[in-house]
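Student: Pasting a structure here, questions to come.
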Amino acid sequence: MPTFSTVRAWSYTDGDDAVGLFIRYNVKFYESQDYELHVFLARDEFGEYAAKTICVSKPRQNGKSYAARFYALWMACIEGKRVLYSAHHGKTVRKMFKELRNFIESTPDFAAMLVPGGRGIYAAAGSEGIYFINEDGTDGGCIEFQTRTNSAARGETYHVIIVDEAQ
């Protein structure tokens, strides 16, 4: 659990559903990561997300990106949202893309939700993306990956932006 936390009150959270879903696929969360997913997915009495901005600060190599990875997947795949994952270093962006890609491709249920015809995963260096399709065949959510540069993601609209390495 966090040393300290300033979290606005919420009415409910989809955190239990998200954690439960990923645990079925052998994902293991530390208690702090479980808590983070609950906060990320907290909603107010109107069903809107309870927080517009969330900041997680932990020492290096303490699992900050792990909960964010599954938050991004939940938002894109389950909620149908457009997600941008951004980090300062290209190595960090590529690692996140690779980890999500490996999980999705090795999990038939998630792989089945990718846009068909090999178009669900776009792996061009510098503009990687994972694209989902809705049950009715329409475009679903996506996770796009970019480093932070002056021109990155200009003109794009996202529902969720995950900023890793925010220092």
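Student: Which one is most open to solvent (accessible area, probe 1.4 Å) among residues in segment 102-117 that are within 12 Å of Y131 (Cβ to Cβ) and β-branched (V, I, T)?
Tutor: V115
Student: What pairs come up if the first residue lies in segment 32-55 and is free of Cβ contacts under 8 Å to residues at least 24 places away in the same chain and closer than 14 Å to V160 by Cα, the second is among the β-branched types (V, I, T) and in a helix (DSSP H, G or I), and their beta carbons are under 7 Å apart, counting only those six or more places apart or on different chains?
Tutor: Once the first residue is free of Cβ contacts under 8 Å to residues at least 24 places away in the same chain and closer than 14 Å to V160 by Cα and sits in segment 32-55, its partners that are among the β-branched types (V, I, T) and in a helix (DSSP H, G or I) give I54/V39.
Student: Here's something else I'd like to know. Restricting to segment 24-34, what's the tally of residues that are in contact with a Gly (Cβ under 9 Å, 6 or more places away or on another chain) and open to solvent by 60 Å² or more (accessible area, probe 1.4 Å)?
Tutor: So the count comes out to 1.
Student: Please find, within segment 120-133, the residue that is farthest from T92 (Cα to Cα) out of those that are at pLDDT 90 or above and assigned to a loop (DSSP other than H, G, I, E, B).
Tutor: Out of the qualifying residues, it is G120.
Student: Among the residues that make up segment 138-149, is at least one of them small (G, A, S) and surrounded by 19 or more Cβ atoms within 10 Å (Cβ to Cβ)?
Tutor: yes
The values are calculated or read from the model by the stated rules, or taken from the named source; none is laboratory data. Note that the coordinates shown come from a computational prediction; the quantities given were computed from them, not determined experimentally. Using ideal geometry, Cβ is built from the backbone for each residue, glycine included, and neighbour counts are taken over all protein chains shown. For accessibility, only protein heavy atoms count, side chains too; no ligands or nucleic acids. Shrake-Rupley method; radii C 1.70, N 1.55, O 1.52, S 1.80 Å.
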